[in-house]
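Here the structure comes first, spelled out in C-alpha cells, and everything after it is commentary.
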C-alpha cells in the first residue's frame with residue numbers, strides 16, 4: 001500500500017486561531033505544544049496552557065518527603081484501610097493529591113516588535129497558515145508580522161528531549177524579533193486540577209541560574225525544592241542575556257540569508273546539545289520509519305460519508321499516541337499537552353492509552369512503559385500486604401514513583417488490576433518466546449495472586465464474588481454498595497486464565513487456587529435479559545444511566561467467556577438508546593463499538609465510533625475533546641485505534657457496498 005499520500009492527506013492545516021487545538025511534537029518521553037507561530041508565543045490566546053513536559057520532570061512542593069500516606073487517616077471497609085477523604089487531615093490529603101506533579105519545563109516563544117519597537121499582539125499577525133507534516137514530524141508555520149513574512153519550522157528529536165527551530169524572515173535583519181525562554185513557578189496554585197492547569201509566574205520558590213555561556217550557547221540550571229534540571233540553548237547567529245529573574249532572551253543577528261536556527265535541550269543534566277540539522281534528520285527518519293512499518297488501514301474509495309472522517313481520526317490518533325502515550329511510564333490523560341489530575345497518570349487508563357500498539361505491529365511502544373510495572377512491583381506488593389491481601393495490588397492514580405494517591409474514588413477501583421496481565425499477554429502475542437515470559441512473569445503472577453486473594457467465596461451464590469467494598473469502572477457507585485460488576489467479574493476470569501496460560505508456558509505448576517477461582521467466578525448479574533451495572537443496581541437504566549456503561553466491556557474489550565451474547569446485544573442496544581451520553585467519556589464510544597464488533601454488528605460499531613456527541617469530538621489536531629478543562633483526552637484516541645484494529649483484523653466493517661477497506665500488518 002502506498003501509505004504516504006494517505007498520511008499526507010490528513011496532515012492538519014490551521015489557517016486561523018484554534019484556541020482548543022494547538023499542534024504538538026514529541027517522542028513518547030517528551031512533548032512540546034505550539035501556537036500558530038510554531039513556538040509558545042501567545043499562550044494566553046489558548047484555552048489550555050502551551051506546555052513543555054517530560055516523563056522525568058516532576059516536582060513536589062516542599063520536597064518529595066514532606067508527607068507520606070502514613071500521614072493520612074484511613075477509612076475502613078470490611079477491615080481493609082483505604083485513603084479516601086480524611087476530613088481531619090485535609091491539608092495532607094490535598095498535598096498528596098497534588099504532589100509530585102509533572103513540571104512545566106519552560107515556555108519558548110517569539111517576541112515581535114513593530115518599527116517603533118513596540119511589542120506586537122497576536123491579533124495583528126495575519127494571515128496564518130500552519131501544517132503538521134505527519135510524515136516527517138515537522139510543524140511548518142507561515143504568517144505575516146507588520147507586513148513582514150515569517151516562516152518557522154519546529155521539530156523534536158526522536159531520541160532525546162531536544163527541540164529545534166528554524167526561522168526565515170526580514171525581521172531578523174531589521175532586529176525586530178527575539179526568542180524568549182520563560183520559566184513559570186512550579187507550585188500548584190489550586191486544589192482542583194482543572195484550575196491548577198493555569199501557570200503561575202511568581203518569582204519566589206524557584207531559582208534560574210546561568211551555569212555556562214558563550215557566544216552561541218547558554219546552559220541554564222533550574223532549582224525547585226529538591227528538584228533540579230537543566231536547559232541548554234545553542235543558536236546560529238545572535239546574542240543572549242538574562243532578561244528577568246526567570247527569563248532568558250536570545251536576539252538573532254543579521255546574516256546573509258535572513259535566517260536563524262536554535263536548538264533547546266531539556267534534561268536532568270544536559271551533556272551535549274545536538275545541532276539543529278541533526279534534530280531535523282532524527283525526526284524525519286523516525287516518522288518515515290513509523291509510517292512505513294507496522295499496520296495500516298485505508299478507507300479510500302468508500303462512499304460512506306463516515307469513512308473519510310474515521311480515516312482522519314485513525315491517522316491522527318496514531319501520531320498523537322506515539323508522541324504522548326509511548327514513553328517509559330504510563331501517560332497522563334492529556335499526555336504532554338498540559339497537566340490533568342496534576343500530571344499524574346491513572347493505571348486503569350493505561351490499557352486505553354497503549355493496548356493498541358501491539359495490535360498495530362508496534363509492540364515496542366507498549367513495552368517502553370511495561371518496565372515501570374516491574375520497577376514498582378515491591379510497592380504494589382507492599383500495598384496489597386497493608387490491606388491483608390496476597391500478591392501485588394496496583395494503585396489507580398500515581399506519579400512516577402508509584403505511590404498510591406488518596407482520593408474519594410481512586411483507592412476503591414479494581415479494574416486496573418488485570419491490566420498488566422492483559423498488556424503482558426499482548427506483548428507475548430507480538431513476541432511469543434521465553435524471553436517475554438521471563439521478563440513479565442513476576443507482574444503477571446503477583447497480579448494474579450492478588451486477584452485470587454481479593455475474590456471471596458459466597459456461600460449463597462456458591463461462587464467467588466467481588467466486593468463490597470469496590471468501585472466499578474462506572475465510578476458513580478458507592479464502595480459499600482457495589483458487588484460483582486460484570487466487566488470486573490469477566491476480567492477476573494480472563495486475567496486468571498492468562499496467568500494460568502503463562503504458568504503452563506513456563507512449565508511451572510499452576511496453583512490450584514487460581515484454577516478454582518477462575519472456574520467458580522460468579523455469573524455476571526443481569527435482570528430481565530439485560531446486564532446490570534452491578535448485582536445491587538436494578539436502576540442501571542433509570543437512575544444510574546450515566547458515566548461509563550462499563551457492563552458492555554465484558555464482551556467487547558474482553559472475549560466474554562461468562563457472557564451470554566444475545567443478552568449482551570440487548571444490553572448494548574439499551575445503552576445506545578437510554579444512556580446519558582453527555583455524561584460519558586471519550587473511551588466509552590470505542591468501548592461500545594468493540595462490543596458491537598464482536599457481536600457481528602459492524603454498522604452499530606461505526607455508529608458508536610462516530611456518534612455525534614461533544615465528548616466524541618476529534619479536533620483539527622486530532623485530540624479527543626471532552627470539555628474546556630480537558631481539550632485533549634488520549635484514552636479516546638487509543639480506544640479508537642484498538643477498535644479499528646479489531647475490526648480490520650477480524651470482525652470486519654459494514655458489508656453494505658459503501659465501505660472499501662484496505663488493511664495490512666494487523
### Boolean, residue 332 is at pLDDT below 95 and in contact with a strand residue (DSSP E or B) (Cβ under 6 Å, 6 or more places away or on another chain)
no
### Task
Pick out, from region 247-335, the strands (runs of 3 or more DSSP E) lying fully within it that include 1 or more residues that are in the same structural domain as residue 53 (by TED's automatic domain parsing) and within 30 Å of residue 173 (Cβ to Cβ).
247-252, 259-267
### Flag for residue 413 being buried (at least 21 other Cβ atoms within 10 Å of the Cβ) and either more than 30 Å from residue 106 (Cα to Cα) or not assigned by TED's automatic domain parsing to the domain that holds residue 610 (or both)
yes
## Note on the structure
The number of residues in region 376-410 that are in a helix (DSSP H, G or I) and over 25 Å from residue 191 (Cβ atoms) is 10
#### Entry: Sole residue being assigned by TED's automatic domain parsing to the domain that holds residue 29, surrounded by fewer than 21 Cβ atoms within 10 Å (Cβ to Cβ) and either under 20 Å from residue 241 (Cα atoms) or within 32 Å of the chain's Cα centre (by Cα) (or both), chosen from 128, 139, 179, 172
128
### Message
Looking at region 208-222 only, could you name the residues that are exposed (fewer than 13 other Cβ atoms within 10 Å of the Cβ) and closer than 30 Å to residue 60 by Cβ?
### Response
209, 211, 212
### Lone unmet requirement of (1) touching a strand residue (DSSP E or B) at 6+ places or on another chain (Cβ under 8 Å); (2) within 30 Å of residue 359 (Cβ to Cβ) for residue 322
(1)
### Task
Could you tell me which numbered condition residue 359 fails, if it satisfies all but one of (1) surrounded by fewer than 21 Cβ atoms within 10 Å (Cβ to Cβ); (2) touching a residue at least 60 places away in the same chain (Cβ under 8 Å); (3) touching a helix residue (DSSP H, G or I) at 6+ places or on another chain (Cβ under 7 Å)?
(1)
### Summary
If we take region 506-614, then helices (runs of 4 or more DSSP H) inside it with 1 or more residues that are without any contact (Cβ under 8 Å) to a residue 40 or more places away in the chain and under 24 Å from the mean Cα position of the chain (by Cα) are 602-609
### So residue 203, is it farther than 29 Å from residue 270 by Cα and either in contact with a strand residue (DSSP E or B) (Cβ under 9 Å, 6 or more places away or on another chain) or at pLDDT 95 or above (or both)
no
### Task
Tell me which residues, restricted to region 362-371, are surrounded by fewer than 21 Cβ atoms within 10 Å (Cβ to Cβ) and farther than 26 Å from residue 663 by Cβ.
371
#### Entry: Matching residues, region 476-501, being within 25 Å of residue 441 (Cβ to Cβ) and surrounded by fewer than 22 Cβ atoms within 10 Å (Cβ to Cβ)
497, 498, 500, 501
### Query
Taking residue 188, is it in contact with a strand residue (DSSP E or B) (Cβ under 7 Å, 6 or more places away or on another chain), at pLDDT 95 or above, surrounded by 20 or more Cβ atoms within 10 Å (Cβ to Cβ) and not assigned by TED's automatic domain parsing to the domain that holds residue 322?
no
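The values are calculated or read from the model by the stated rules, or taken from the named source; none is laboratory data. Keep in mind it's a predicted model, so treat the numbers as computed, not measured. Every residue, glycine among them, receives a Cβ derived from its backbone with ideal geometry; neighbour counts consider all protein chains shown.
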